[in-house]
Amino acid sequence: MKPISGAWFEFWHHSKIEGKYYNPALRSFTAAQWAAMVEDMHLIGMDTLAHTCSSLVYRDESESYAPVDVFSKADMACDQPMDVIMQTAEKLGMQVFLSAGFYGFWEDAEGNMASREVEKRAFRACEEMYAQYGKMSSFAGWYLPDETEAGPYFRPVFLDYVARYSAFFRGLDAKKPILIAPYGTNKIVGDDTFVRQLEQMDVDYIAYQDEVGVQKSTEFQTAEYYRSLKTAHDKAGRSKLWADIEMFDFEGQVYRSALLPASMERIEKQIEAVSPYVDKILCYEYPGMMARPASIAGYGYESAEKLYSDYQKFYLALKAKA
């Protein structure tokens with residue numbers, strides 16, 4: 001089995017309902033706590049971070065978490081948390097994919113993809129982030145967070161969005177890779193039509209969501225999905241197939257209640273299912289779901305510490321076998 005070698009992170013979870021138990025802690029994190037979070041991730045073998053959103057737009061408010069002037073800076077205890085993340089990752093030899101969103105209302109993914117006004121704000125922000133971080137060794141590339149269902153195929157609005165944004169990113173720096181993480185994995189048809197879409201899409205890494213946390217799939221079904229994806233990627237000449245496993249549960253109704261850490265028992269089955277088919281496993285997400293016991297980067301509840309400890313034992317056992 002492969003370890004989880006990367007994770008998504010954020011400074012504020014976009015759904016206030018889902019982030020109920022950890023958003024307040026993230027808002028109050030100091031620079032030392034953000035640095036400790038990255039260090040704690042490094043201790044369990046994570047070398048890659050993907051930033052969910054560099055800005056966030058609700059219906060009546062907006063804020064930025066990176067040093068950009070598109071929106072007002074978020075009111076956080078740490079003045080520039082993105083600086084801390086990038087500097088700590090650089091010190092530890094880790095890589096960070098910077099987010100190109102959300103520069104329109106976060107729930108309107110397809111509207112954001114099609115909007116040239118949103119695009120204008122996003123490109124301006126990405127230029128500012130590139131000016132700040134582009135020469136750092138920790139800058140891995142870009143993540144496109146506006147997503148649409150991939151099943152049975154990628155939608156035209158998504159393909160056009162990816163083409164426009166990728167062309168912009170290649171213009172900034174042709175060497176920096178682009179990451180997407182589509183959902184709809186259980187509905188994808190890996191036929192010739194899908195293979196042609198893969199051939200034409202100008203991205204470097206596709207980390208398909210396993211959708212176990214949102215209860216669209218089970219840990220017993222996903223092996224077949226990723227086996228089919230591997231076949232399609234091989235036909236398209238795309239060797240970089242990643243997995244995005246969901247290591248959360250909902251406290252109640254899916255999408256309408258707080259996120260909680262899942263059990264390591266379930267997560268181990270998720271890892272086992274995708275490992276034969278993917279090059280790298282990322283998870284959604286580290287903040288709120290994992291916290292090293294005794295670390296200053298905690299959220300005040302034991303379940304996140306338990307998952308960290310349980311995963312650390314799993315990781316060290318894998319490492320010992322390698």
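The values are calculated or read from the model by the stated rules, or taken from the named source; none is laboratory data. Note that this is a predicted model, so its numbers are computed, not measured. When we count neighbours, we look across all protein chains shown, and the Cβ atoms used for this are built from the backbone with ideal geometry, even at glycine. To get the accessible areas, we keep the full protein, side chains included, count just its heavy atoms, and leave off ligands, DNA and RNA. Shrake-Rupley method; radii C 1.70, N 1.55, O 1.52, S 1.80 Å.
One table, with the values for the structure above:
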item: Which numbered condition residue 286 misses (of (1) over 29 Å from residue 198 (Cβ atoms); (2) under 18 Å from the mean Cα position of the chain (by Cα)); result: (1)
item: Whichever residue in segment 297-311 is in contact (Cβ under 8 Å) with a residue 24 or more places away in the chain and over 17 Å from residue 9 (Cα atoms) and, among such residues, is surrounded by the fewest Cβ atoms within 10 Å (Cβ to Cβ); result: 300
item: Residues within segment 39-58 that are over 21 Å from residue 144 (Cα atoms) and open to solvent by 10 Å² or more (accessible area, probe 1.4 Å), tallied; result: 4
item: Test: residue in segment 120-140 that is open to solvent by 10 Å² or more (accessible area, probe 1.4 Å), part of a loop (DSSP other than H, G, I, E, B) and under 25 Å from residue 230 (Cβ atoms); result: no
item: Count of segment 86-103 residues which are more than 15 Å from the chain's Cα centre (by Cα), surrounded by 23 or more Cβ atoms within 10 Å (Cβ to Cβ) and not in a loop (DSSP other than H, G, I, E, B); result: 2
item: Condition met for residue 64 (surrounded by fewer than 21 Cβ atoms within 10 Å (Cβ to Cβ), among the small types (Gly, Ala, Ser) and either closer than 25 Å to residue 282 by Cβ or in contact (Cβ under 8 Å) with a residue 24 or more places away in the chain (or both)); result: no
item: Tally, over segment 9-38, of residues that are assigned to a helix (DSSP H, G or I), surrounded by fewer than 17 Cβ atoms within 10 Å (Cβ to Cβ) and not small (Gly, Ala, Ser); result: 2
item: Checklist (1) part of a helix (DSSP H, G or I); (2) touching a strand residue (DSSP E or B) at 6+ places or on another chain (Cβ under 9 Å); (3) of a type outside the set (Val, Ile, Thr); (4) free of Cβ contacts under 8 Å to residues at least 60 places away in the same chain applied to residue 211, failing item; result: (1)
item: Lone unmet requirement of (1) touching a residue at least 12 places away in the same chain (Cβ under 8 Å); (2) within 13 Å of residue 214 (Cβ to Cβ) for residue 225; result: (2)
item: Filter pass, residue 123 being at pLDDT 95 or above, more than 30 Å from residue 319 (Cα to Cα) and of a type outside the set (Lys, Arg); result: yes
item: Segment 225-259, subset open to solvent by 50 Å² or more (accessible area, probe 1.4 Å) and outside any helix (DSSP H, G or I), residue modelled with the lowest pLDDT; result: 239
item: Filtered residues of segment 174-208 (kept if farther than 19 Å from residue 157 by Cα and in contact with a Ser or Thr (Cβ under 8 Å, 6 or more places away or on another chain)); result: 186, 190
item: Some residue of segment 268-282 being among the aliphatic types (A, V, I, L, M), part of a strand (DSSP E or B) and touching a helix residue (DSSP H, G or I) at 6+ places or on another chain (Cβ under 7 Å); result: yes
item: Count of segment 178-196 residues which are crowded, with 16+ Cβ neighbours inside 10 Å, of a type outside the set (Ser, Thr, Tyr) and not in a strand (DSSP E or B); result: 8
